[in-house]
Amino acid sequence: MRTGLLAALLAVAVAVLCMAVVLLVYPASARPASAQLSITDLGTLGGNSSRPFALNSRGQVVGSSYTASGEYHAFLWKKGKMTDLGTLGGLSSQAYDINDRGQVVGQSRTASGDFHAFLWEKGKMTDLGALPRNYPFSAATGINNRGQVRGHSFTASGDLHAVLWEKGKMTDLGTLGGLASQSSAINDRGQVVGYSDTAAGENHAFLWEKGKITDLGTLGGGGFSQATGINNRGQVVGNSDTASVNSHAFLWEKGKMTDLGALPGDVSHSVAVGINRRGQVVGNSRTPSGSFRAFLWEKGKMTDLGALGGGDYSLAYAINDRGQVVGESFTASGETHAFLWEKGKMTDLGALPGDFPYSVATGINNRGQVIGQSAASGNFDLHAVLWSK
């Protein structure tokens with residue numbers, strides 16, 4: 001499944017057939033200290049760049065890559081080989097998530113030029129369809145280990161709604177009284193979270209379960225909240241306006257929304273991007289300089305995860321059930337490098353060799369395998385990479 005990340009609320013755009021993909025493996029000792037992890041260039045489908053979106057517990061990676069002909073296609077990478085998943089008859093596709101059964105979901109152009117959600121399994125890509133509309137549009141952005149798929153689709157009136165696919169049936173999750181809704185995460189119990197317009201024109205976090213959509217409210221101020229993650233215990237995280245018009249990370253549990261606060265110095269903004277099964281919350285908080293620092297919240301305490309080289313900037317994107325956090329940070333020399341934070345220590349994961357030593361870590365599974373991107377050449381082409389032991 002998707003390992004964290006912020007992704008549901010970030011704009012998803014990428015770039016993604018070659019008969020042989022060249023895989024370059026660089027030992028950890030060749031880069032900055034990297035927690036005994038090696039970086040593997042997952043290559044491309046014949047084009048210049050590739051981007052991973054998710055990995056599962058088996059170390060299988062999905063994402064999108066440019067092909068030799070200039071289109072981007074969904075890919076599945078496993079055991080050293082990148083496979084082109086094809087399309088629904090159109091030119092492009094991209095894969096957004098994979099579960100532990102190896103089922104892949106994403107979006108593809110159809111032969112008629114529409115964008116449709118797909119489910120890929122055992123070599124076959126299936127069109128999941130879309131809500132009725134003159135110009136059908138849908139995308140599948142997440143899948144749990146039961147095979148339930150979340151995503152979104154335009155309605156006949158042109159509004160975007162969160163939807164759920166299960167056993168061949170698409171369900172419109174509706175809204176909180178307003179026009180639009182969008183999902184951001186699903187757990188293995190089939191609970192879906194996201195954000196929706198309300199009848200009053202505000203934007204609120206929601207929890208959908210067993211046919212019912214529930215407004216999670218706000219932290220007492222403004223008209224905005226959004227849910228970004230949920231664990232299998234039903235604990236929800238996100239961010240919300242407060243009574244003082246700040247925006248703070250929250251934890252929602254059993255009907256109560258708790259303000260997680262912000263790091264000292266600038267309490268105006270924080271956001272939670274993920275939660276693991278132990279209830280540890282990872283996110284980012286603004287600093288007095290206007291930059292951001294990654295944080296870990298646990299048992300009522302928010303901890304600053306620091307930055308590489310003592311800098312002022314770091315962003316966390318994902319956390320696993322072992323409490324390992326990954327993201328990006330400025331180094332002492334001003335470069336942007338992927339990091340792994342564990343047991344109080346932030347480690348530089350390094351980057352692929354080249355003129356532009358850039359990297360970012362966006363996901364981590366419970367085995368400690370990390371996905372991300374790194375600049376692969378002097379042209380600053382970004383490739384999907386995997387850090388592993």
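Taken together, the values in this text are just the output of simple stated rules run on the coordinates, not laboratory data. Keep in mind the model is a prediction, meaning the values are calculated, not measured. We place every Cβ from the backbone using ideal geometry, glycine too, and count neighbours over all the protein chains shown.
Remarks
- Net charge contributed by nearby residues that have their C-beta within less than 12 Å of residue 208 (K/R +1, D/E -1): +1
- Gained length - residue 224 relative to residue 298, 0.36 nm times residue gap less alpha-carbon distance: 24.2 nm
- A simple rule links phi to the HN-Hα coupling: the Karplus curve 6.51 cos²θ - 1.76 cosθ + 1.60 with θ = phi - 60°, which for segment 204-218 gives 10, 5, 9, 10, 10, 8, 6, x, 10, 9, 10, 6, 8, x, 9 Hz, with x for Gly and Pro.
- Eligible lysines near residue 212 by straight Cα distance, threshold 24 Å, same-chain separation 8 or greater: 167, 169, 254, 256
- Expressed in units of 2.2 N^0.38 Å, where N is the residue count, the Cα radius of gyration of segment 188-283 is 1.02.
- For the chain, alpha-carbon Rg and Dmax in angstrom: 20.1, 57
- Approximate spin-label separation residue 157-residue 145, in nm, with each point projected 7 Å along Cα-to-Cβ: 3.9 nm
- Remark: segment 159-171, residue by residue, has Karplus-estimated 3J(HN,Hα) of 8, 8, 10, 5, 9, 9, 9, 8, 6, x, 10, 9, 10 Hz, where x stands for each Gly or Pro and the curve is 6.51 cos²θ - 1.76 cosθ + 1.60 at θ = phi - 60°.
- Note on residue 166/residue 243: beta-carbon distance plugged into 1/(1 + (r/R0)^6) with R0 of 41 Å gives a FRET efficiency of 0.55.
- For peptides 294-304, 357-367, 262-272, sequence by mean Cβ density within 10 Å, most packed first: 357-367, 262-272, 294-304
- Annotation for residue 322 and residue 388: the two label points, set 7 Å from Cα along the Cα-Cβ direction, are 1.4 nm apart.
- Straight-distance crosslink candidates among lysines, where the alpha carbon sits under 23 Å from residue 79 and sequence neighbours closer than 8 are dropped: 122, 124, 389
- Taking 7 Å steps out from each Cα toward its Cβ at residue 214 and residue 112 produces label points 3.9 nm apart.
- Evaluating 6.51 cos²θ - 1.76 cosθ + 1.60 at θ = phi - 60° for every residue in segment 123-138, the Karplus couplings come out as x, 10, 9, 10, 6, 8, x, 8, 5, x, 5, 4, 10, x, 8, 7 Hz, glycine and proline recorded as x.
- Scanning residues 5 or more positions from residue 381 or on other chains, those with amide H under 5 Å from its amide H are 376, with H placed 1.01 Å from N in the peptide plane.
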